[in-house]
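What follows is a single structure, written as structure tokens, with notes after it.
What follows draws every value from the coordinates through simple rules; no lab data is involved. The model shown is predicted, which means the values in this text are computed figures rather than measured ones. Please note: Cβ atoms are built from the backbone with ideal geometry, for glycine as well, and neighbour counts cover all protein chains shown.
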Amino acid sequence: MTIGRARFAFTVLAFGYAFLYLPIALVIVYSFNESRLVTVWGGFSTKWWIALFHNDAMLDAAWLSLRIALVSATLATALGLAAGYVLARVPRFIGRTLFASLVIAPMVMPEVVMGISMLLLFVGSDQLLGGPERGFLSITAAHVTFSLAFVAIVVQARLADFDRTLEEAAMDLGATPWTTFVTVTLPMIAPALVSGWLLAFTLSLDDLILTQFVAGAQSQTLPMRVYSSVRLGVDPQINVLATIVIAVAASTLIASTVLTRRIVDKRGAR
Amino acid sequence: MRLVIALPYLWLVVFFLLPLGLVLGLSLATNAPDLAPPVELGLSFASFKLLFTDDLYLAAWLSSLRIAATSTLVCLLLGYPMAYAIARATPPRRPLLLMLVILPFWTSFLIRVYAWMGLLAENGILNQFLRWSGLMSDPGTILGTEWAIHLGIVYAYLPFMVLPLYTALEKLDWSLLEAASDLGARPLPAFLTVTLPLSLPGIVAGCLLVFIPAVGEFVIPDLLGGTRTLMIGKVLWDEFFTNSDWPLASAVAICLLILLVGPILLFQRQQQRSLERT
């Protein structure tokens, strides 16, 4: 019975992980392909790697995407922290129900709907106020709006895990609300802020649909470039780019897992 | 304190609520191709009327719902055993197993869809394998069919299914299952009457997290599906970018919202409840 269950668990997980990782593994392998045809193996080569690093259009797009992701993730973390704090710690104010649904809604809103609505906002402001020009600013604002929700949820969940007695004790001892927040609350939720920021950063770096709507004619982000190249068929340079993205994501995730584990172990040992 | 509430509130009203109002307003406007933007404001229901009378749009709605529903079901059937196996693994192993499920989510969505293009193409890796192994001498092409869309959605959204299921199963009190078997319940009835009902919140959350975005999906039907299969997200995209019919695209967006408002509210309520319970 137990042996049967163990075998079942092993089979399920082996099949599941194979399904998740086989396509990714093949993308990586074919980034080292000599042949231009992505699906035919023509021997080992690094020429597509060299080609990608000389592809100025792709590099420019990557640079723009990185700048947008840095700014929007930081802004989303600040606003998401405020929103998550309010949801977890302020039980009653006028319009709270609306606020709670506004925070979560962008998470589950179809992206095409958010895209068209955001574009209409920027077109409207362009007609009424004469700006801002669509590009870096409009893309950043759009990314902040939908990644804010994810940060708020993470912060709210983390705050709900901690009871408020620590904060109340600090206030009883004469700390102002601001001092309490900075010296007690903020250190408590720091891990949530880090993972929220990383989440917002990744979401921004990866977004295609919202960006395509609000980008305007001048700016092209990395996903926009990738999309327009992929539409014409498979391209070995995209395999190279994919390999880099996967390597960065994997090493970040593994590093953060090892780090949290070490912290947990240390706390357990004490 | 007021500022802390006001800042995110104001941001969301300006960048989320107000734009949705604009979409509603524009869905009632008429198309004016020679203006920039190509709309003439007014109170016309022409776009909505077209949506409900033209067979093409009706077919797109139906196939979106059908594809999203079947993909969600496949995701559940695939994700439940995985989440179950992870939840029953020894505690030190769980973080690694869980991380392996989340990792693909941190890589690019676009790239994960792209990975299937090379696999499913006519001369793709899958067909080469089938021919080489002699399993099929003349395999058809999967890329460009509804099968490819299903595969893409299941692949891309599987982590969203596994995570809430795992959260629900991990909290489960397994001694209840032992009690059931001590009282003579066989494994299957015990699973159906104890485990399944207790993991229901995870099932609902996972299914909504897959179904809602799948209905409005654009990238997957565009890259993996052919021209034959219409999905509503792609229709909206084409009306907007190719045909420049902004009022019609807005009307599609409003209908999509009305269609999904039930599932979205359900998800919100469950999310808030689970957060407030802890």
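For segment A:123-224, applying the loop criterion from DSSP together with a ceiling of 16 other beta carbons within 10 Å to the trypsin sites (Lys or Arg not before Pro) yields A:Arg164. Loop-located trypsin sites (Lys or Arg not before Pro) across segment B:1-103 with a Cβ neighbour count of 16 or fewer within 10 Å are B:Arg88, with loop assigned by DSSP.
At an R0 of 35 angstrom, the distance between the Cβ atoms of B:Asp182 and A:Met188 translates into a FRET efficiency of 0.25. Loop-resident chymotrypsin sites (Phe, Trp or Tyr not before Pro) (DSSP state other than H, G, I, E or B) in segment B:138-178 with no more than 11 further Cβ atoms inside 10 Å of their Cβ are absent. Placing unit charges on the Cβ atoms of the charged side chains and taking the dipole of segment B:1-138 about its Cα centre, the candidate lying farthest along the positive direction among B:Leu98, B:Ile67, B:Leu110 is B:Leu98. In a reduced charge model with +1 at each Lys and Arg Cβ and -1 at each Asp and Glu Cβ, the protein assembly as shown shows a dipole moment near 1640 debye about its Cα centre.
The Cα atoms of chain A cover 72, 69, 34 Å along the three principal axes, with the biggest extent listed first. Only the Cβ atoms of Lys and Arg (+1) and of Asp and Glu (-1) were treated as charged; on that basis the dipole of chain A about its Cα centre amounts to roughly 740 debye. Sequence-distant contacts, meaning Cα pairs under 8 Å at least 6 residues apart, place the relative contact order of chain B at 27 percent. Remark: relative contact order (chain A) = 30 percent; criterion is Cα-Cα distance under 8 angstrom and separation of 6 or more residues. Within the shell defined by Cβ-Cβ distances under 13 Å, the residues around B:Leu260 carry a net charge of -2, with Lys and Arg each +1 and Asp and Glu each -1. Classification of the protein assembly as shown by its C-alpha gyration tensor yields a rounded form. The axis ratio a/c (a ≥ b ≥ c) stays under 1.5. Mind checking which of B:Ala68, B:Ala185, B:Ala253 has the largest fluctuation in a GNM of chain B, springs on alpha carbons under 10 Å? Judging by the Gaussian network model, the answer is B:Ala185. Using a cut-off of 12 Å between beta-carbons, work out the net charge of the residues near B:Ala251 (Lys and Arg +1, Asp and Glu -1, B:Ala251 not included). Here the charged neighbours net out to -2. The equivalent ellipsoid that matches the C-alpha gyration tensor of chain B spans semi-axes of 39, 29, 17 angstrom, in descending order. The residue list B:Val219, B:Leu163, B:Gly144 was ranked by how far each Cα lies along the charge dipole of chain B toward its positive end, using unit charges on Cβ atoms, and B:Leu163 comes out on top. The order of B:Cys255, B:Cys207, going from fewest to most other C-beta atoms within 10 Å of their C-beta, is B:Cys255, B:Cys207. About its Cα centre, chain B has a charge dipole of approximately 940 debye under the convention of +1 per Lys or Arg Cβ and -1 per Asp or Glu Cβ, with nothing else charged.
Comparing A:Ala157, A:Gln212, A:Phe181 along the charge dipole axis of segment A:123-255, the residue lying farthest to the positive side is A:Gln212, per the Cβ-charge model.
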